[in-house]
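These notes are about the structure you will find just below.
Every read-out reported here was derived from the displayed coordinates using simple, explicitly stated rules and does not represent laboratory data. Treat the numbers as computed from the prediction; the structure is a model and nothing was measured. FYI the Cβ positions are ideal-geometry reconstructions off the backbone, even for glycines, and counts take in every protein chain you see.
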């Protein structure tokens, strides 16, 4: 009887891991493709609860976080992440562009805040690359 081969990972031990917490599947997929083409290992969570579970289960160097998410939103995600004393860098990608939203997110020690509608994918990749040099 043939034995099953164990899957081997192709990622390098120095490859930086990014968690994308985004419920808009086309955007999440586009971010994943773009970041992988730049050598990053990525994982997608489609809501805050999945994102927190991913953080609990694995190590990430950076999180790209939408704020408007089903169930547990981005602000609640940040609150729980910081309550668990996780010092992971977070870049917020949201269509909430009001100053009060930016200020509220900044209280959680985020790295950057980008309004999705005004930020091309290339600028997001540049931000990620500068944080993970």
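Laid out as a table, the results:
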quantity	calculated
Tilt relative to the chain, helix 48-57 - C-alpha long axis, 0 to 90 degrees, to 10	50 degrees
Full-stretch length increase - residue 130, residue 56 - with 0.36 nm per residue and alpha-carbon distance subtracted	24.1 nm
In degrees, nearest ten, helix 74-83 long axis to first principal axis of the chain (Cα)	70 degrees
Cα gyration tensor, region 60-133 - rounded (a/c under 1.5), prolate or oblate	oblate
Residue 118 paired with residue 36, simple spin-label distance in nm, labels 7 Å along Cα-to-beta-carbon	3.1 nm
Per residue, the convex hull volume that the Cα atoms of the chain enclose (Å³)	133 Å³
Highest-fluctuation residue, 28, 54, 123 considered, GNM on the chain with Cα pairs under 10 Å	123
